[in-house]
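Below is one structure, written out as structure tokens; the observations come after it.
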Amino acid sequence: MLLKFDPYGIYCPQANVYIDPWKPVKNAIITHAHADHAKWGNENYLSHHLSIPILKFRLGDINVQGVEYGEEIIINGVKISLHPAGHIPGSAQVRLEYKGEIWCASGDYKLQLDGISTPFEPVRCHHFVTESTFGLPIYRFPDSQTVHQDMNDWWLKNKEEEKTSVIIGYALGKAQRIIKHLDPAIGTIYTHGAVDNLNRILEKTGLELPPTKRIISDTNKSLFKGNIVVAPPSAIGSPWMKRFLPYSVAICSGWMQLRGTRRRKSADRGFVLSDHADWAGLNQAIKETGAENVYVTHGYKSAFAKWLRENLHINAVEVDTLYEGESLNESTTPENEIDS
Amino acid sequence: MKKFAELFTVLDQTTKTNEKIEALVNYFAISDAADALWTTALLTGRKPKRTVKTSELKLWAMELSGVSEWLFEESYHVVGDLAETITLLLPPSESQTDYSLTGMMALLKTLDKEPEASKKNIIQEIWMQLNTAERFVFNKLITGSFRVGVSQQLIIKALAKHYNLVESNVTHRLMGNWLPATTTLQHLLFNPDIQEDLSKPYPFYLAYQLDVPFASLNNIQDWQIEYKYDGIRGQIIVRKNELFIWSRGEELMTDKFPEFEVLKNTLPDGTVIDGEILPFNGDEPMPFHIMQTRIGRKNLSKKSLSDAPLCMMCYDLLEYNGVDIRPLPLSERRAHLETLIETLKSNNLAAAAVLKLSPVFECHTEQQLIDLRLVSRDRMCEGLMLKHKDSLYEAGRRRGKWWKWKIDPLTVDGVLIYAQKGHGRRADLYTDYTFAVWHHNELVPFTKAYSGLTDKELVEVDSWIKKHTKEKFGPVRSVTPELVFEIAFEGINPSPRHKSGVALRFPRILRWRKDKKIEDANHKEDLLNLIQQLSNPA
């Protein structure tokens, strides 16, 4: 086995590297900069170069090497390269090849185009490690253009009712995707500090976003009416929100597909917008790898593995990891902010 | 269906009462009277008879979506709602057809007579012509579990606003037995002879739990003090020698209570009494569970009638000699009620035996009230009622003139041993728990409880459960016994059907006892002792 799952993470003994380790190790390849995949304390990091500024922002002055998509590096005979995962800017699948056996650890991925990440590219392999965050057939996400249109319509309606629109999405990835598709002709886009920090970093790497204004403590409250505020989940129900009254709040997440979750979060609106593949996306991605062996991690892993065995006749097993694509409820200080 | 589905979506998207009322008013403004009537019926819980089995719906949806049974079940446990699961699993629709709500309800009704195969064709065809929101609403209509976060009160407010009517009148008119098939909106809301329907009950007046200081009630003498009996709140109606008995849940229960037949010809025409239906043994009220076993029965045997003889503890008189006396003050209504029952006693003892007058207590000090409340449980009551003697009989739950002052619930500390995912807004979270008490050195389950934790606690317990699962049995997980919760309940009875030998009434979680270890949880003996104490008050 070129890769194995041990208590530190996904390990390649031949190259002595870990992929997204959750405990400190010597050599770590990081698929993307979300906190459940990029942990603190490793000696050496390797990631796509777009991830580096965010890793440094979140983890401090780490020893990190950046690579391009498709660039090959060889460690002790193992050919290693990163390939676009389409999840957030800089997100990558890790391809490892040794003596003709090819593995791919895909981290988090999606096939839908989001306008900010390099689009997902299938990697032909024998062994594929996949997430299963939305690995049930109830998760068939609507076309993202429709969702972006709904978001702007909702903003416009709030504006007509003289309310502030507050739209919630994770600070890294989701927030930029939201901003990218908001219509600046409707009004001003304001950002929470956590979102603005990441916008600035990503803009330096070449991401183009519509103009936004960072909210500071003395931003005049009367300016918000009719405009939109992009904020991370930690803002929901916090006193920080009071300045926007009267407002309407919407959450952007794949979980908004379920009525129960929408109601529990007591948001006024839920937009089904996810950085993860939906049921159809997962199935398509797996088929395109041509892999005969699939390792199913975080999500509905037992159901999804069973489905793959029964319907695609793939040798699929479930694997325990500590990645958390599943949660909508964690507190979201930048350090444990998790996407969904 | 499009308009109705849009209404549903808007109602679902807001938690604000005013926005819900506005959405309803807008809907009434653009809908025809037939659809408005159906909407009123559905949103006030008047469900049509189910014409399709849910098991069949499931099979047909599986067929269309290419999902096997186990995967359907997995999905259902995550979604927590059958109608929604089907909506999400079906492939995207092919075309769009707009059915009227009334037309759709008529179509569903005719399905009853269709053979299986054509039922399937019709449903599958309709599914493929509806958008997601309509599909969900349609599935809800078929499965008959139509709950929309809209209270009856909101519908009433919206109807009153749109048709420019007085709210309490709308409440009254919406009571009782009507169905969209047997009336029109015009007739329901505007018919001048409201009692043309002899069975029509009055809206019940309900009290809030006392939450203001005694001092603010002013003079205790101004309040009528009664026990709060623990039975079925109901209305006995006698009009033109016909008898109707309604429960507070607006269920017509006349056939369940043959004891009251005798009132048909003994109470004067136009009598409506509000009271509590209770099992009674001579002069002693019996525990609620005695009646419960009887209520569940389809056929009432002689034995069940003699084991649980019922009577009504009369609280109030709403109609007297055909006149609606709800606008009279309580003191006057009470006087009429007393006269009515006295007269009955002198005319027909058998009839008088099933109507008892709820005793009124004289309290002069706060301490007397407190003492009375404390002893109420010994009389199988659950506390006191405080009603202002000047109070009119109002409609619905109101603050100020009527208060209930319930005794504190009984409590027991149990250990969480099983968990299952919840439904509705608790879907995809482990929120339905089974608790255990000690028996020798084992933990035996004694109750389930669903409610009582805050949303934040639910999420915390959910993530704990996921990390401490021992085994999975289908949707149920057994967990490491570690968490202790205080369970509150209103009553406890012996029950051979439960492993622990007891059944609780209205169990709910009072709080999470993070300060307690599992060794501190209660024992089965404690529960059995409690039953003993309650049935033989010292």
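The values are calculated or read from the model by the stated rules, or taken from the named source; none is laboratory data. Please read these numbers as outputs of a predicted model, since none were measured by experiment. When we count neighbours, we look across all protein chains shown, and the Cβ atoms used for this are built from the backbone with ideal geometry, even at glycine.
Below is a table of values for the structure above.
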quantity: Selected residue (only one of B:Leu37, B:Leu64 is within 28 Å of the chain's Cα centre (by Cα), more than 10 Å from chain A (Cβ to nearest Cβ) and either of a type outside the set (Ser, Thr, Tyr) or crowded, with 16+ Cβ neighbours inside 10 Å (or both)); calculated: B:Leu37
quantity: Residues (closer than 16 Å to A:Ile30 by Cβ, surrounded by fewer than 19 Cβ atoms within 10 Å (Cβ to Cβ) and of a type outside the set (Ser, Thr, Tyr)) located in region A:68-82; calculated: A:Glu68, A:Glu71, A:Ile73, A:Ile75
quantity: Subset tally (residues that are within 30 Å of A:Gly299 (Cα to Cα), small (Gly, Ala, Ser) and touching a residue at least 60 places away in the same chain (Cβ under 8 Å)) for region B:429-463; calculated: 1
quantity: Flag if B:Leu443 is over 30 Å from B:His336 (Cα atoms), surrounded by 15 or more Cβ atoms within 10 Å (Cβ to Cβ) and either within 14 Å of another protein chain (Cβ to nearest Cβ) or touching a strand residue (DSSP E or B) at 6+ places or on another chain (Cβ under 9 Å) (or both); calculated: yes
quantity: Those strands (runs of 3 or more DSSP E) lying entirely in region B:426-510 with at least 2 residues basic (Lys, Arg); calculated: B:469-473
quantity: Extreme residue, surrounded by the fewest Cβ atoms within 10 Å (Cβ to Cβ), among residues of region B:67-95 that are of a type outside the set (Asp, Glu) and free of Cβ contacts under 8 Å to residues at least 12 places away in the same chain; calculated: B:Pro92
quantity: Checking A:Tyr295 against (1) in contact (Cβ under 8 Å) with a residue 24 or more places away in the chain; (2) within 23 Å of A:Thr191 (Cα to Cα), the condition it does not meet; calculated: (2)
quantity: So A:His32, is it closer than 18 Å to A:Glu121 by Cβ, part of a loop (DSSP other than H, G, I, E, B), in contact (Cβ under 8 Å) with a residue 24 or more places away in the chain and not hydrophobic (A, V, I, L, M, F, W, C); calculated: yes
quantity: Hits in region A:44-61 (condition: free of Cβ contacts under 8 Å to residues at least 60 places away in the same chain, outside any loop (DSSP other than H, G, I, E, B) and over 13 Å from A:Pro89 (Cα atoms)); calculated: A:Asn44, A:Tyr45, A:Leu46, A:Lys56, A:Leu59
quantity: Residue tally, condition in contact (Cβ under 8 Å) with a residue 40 or more places away in the chain and of a type in the set (Lys, Arg), over region B:160-186; calculated: 1
quantity: Every residue from region A:182-199 that is of a type outside the set (D, E, K, R), in contact (Cβ under 8 Å) with a residue 24 or more places away in the chain and either surrounded by fewer than 19 Cβ atoms within 10 Å (Cβ to Cβ) or not assigned by TED's automatic domain parsing to the domain that holds A:Phe224 (or both); calculated: A:Pro184, A:Ile186, A:Thr188, A:Asn197
quantity: Filter result (within 15 Å of the chain's Cα centre (by Cα), at positive phi and touching a residue at least 40 places away in the same chain (Cβ under 8 Å)) within region A:74-98; calculated: A:Gly90
quantity: Leading residue by the ranking (farthest from A:Glu161 (Cα to Cα)) among those in region B:1-20 that are surrounded by 20 or more Cβ atoms within 10 Å (Cβ to Cβ) and away from chain A (no Cβ under 14 Å); calculated: B:Met1
quantity: So B:Lys470, is it closer than 24 Å to B:Gly80 by Cβ, more than 14 Å from chain A (Cβ to nearest Cβ) and within 24 Å of the chain's Cα centre (by Cα); calculated: no
quantity: Any hit, region B:530-538, residues being buried (at least 17 other Cβ atoms within 10 Å of the Cβ) and touching a helix residue (DSSP H, G or I) at 6+ places or on another chain (Cβ under 9 Å); calculated: no
quantity: Matching option when the condition is surrounded by fewer than 14 Cβ atoms within 10 Å (Cβ to Cβ) and among the charged types (D, E, K, R), among B:Lys109, B:Lys140, B:Lys58, B:Lys161; calculated: B:Lys109
quantity: Yes/no for B:Val484 being within 14 Å of chain A (Cβ to nearest Cβ) and farther than 16 Å from B:Leu410 by Cβ; calculated: no
quantity: Pick from region B:96-107, criterion touching a residue at least 40 places away in the same chain (Cβ under 8 Å) and either in a helix (DSSP H, G or I) or within 12 Å of chain A (Cβ to nearest Cβ) (or both), ranking: nearest to B:Pro48 (Cα to Cα); calculated: B:Met105
quantity: Test: residue in region B:263-278 that is in contact with a Cys (Cβ under 7 Å, 6 or more places away or on another chain), over 23 Å from B:Gly322 (Cβ atoms) and modelled with pLDDT of 90 or more; calculated: yes
quantity: Tally of residues being more than 14 Å from B:Gln13 (Cβ to Cβ) and either within 10 Å of chain B (Cβ to nearest Cβ) or modelled with pLDDT under 90 (or both) across region A:242-257; calculated: 2
quantity: Scope region A:297-308; condition outside any helix (DSSP H, G or I) and within 14 Å of chain B (Cβ to nearest Cβ); matching residues; calculated: A:His298, A:Gly299, A:Tyr300
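Results for (1) within 14 Å of chain B (Cβ to nearest Cβ); (2) closer than 25 Å to A:Asp183 by Cα; (3) at pLDDT 95 or above, shown as yes or no for each residue.
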{"site": "A:Leu198", "(1), (2), (3)": "no, yes, yes"}
{"site": "A:Arg214", "(1), (2), (3)": "no, yes, yes"}
{"site": "A:Ser217", "(1), (2), (3)": "no, no, no"}
{"site": "A:Pro233", "(1), (2), (3)": "yes, yes, no"}
{"site": "A:Arg262", "(1), (2), (3)": "yes, yes, no"}
{"site": "A:Lys265", "(1), (2), (3)": "yes, no, no"}
{"site": "A:Asp268", "(1), (2), (3)": "yes, yes, no"}
{"site": "A:Trp279", "(1), (2), (3)": "yes, no, yes"}
{"site": "A:Ala291", "(1), (2), (3)": "no, no, yes"}
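Quick grid of which residues meet (1) surrounded by 19 or more Cβ atoms within 10 Å (Cβ to Cβ); (2) of a type in the set (A, V, I, L, M, F, W, C); (3) in contact with a Lys or Arg (Cβ under 6 Å, 6 or more places away or on another chain); (4) in the same structural domain as A:Asp196 (by TED's automatic domain parsing):
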site	(1), (2), (3), (4)
A:Lys99	no, no, no, no
A:Cys104	yes, yes, yes, no
A:Tyr109	yes, no, no, no
A:Leu113	no, yes, no, no
A:Phe120	yes, yes, no, no
A:Arg124	no, no, no, no
A:Val129	yes, yes, no, no
A:Asp150	no, no, no, yes
A:Lys159	no, no, no, yes
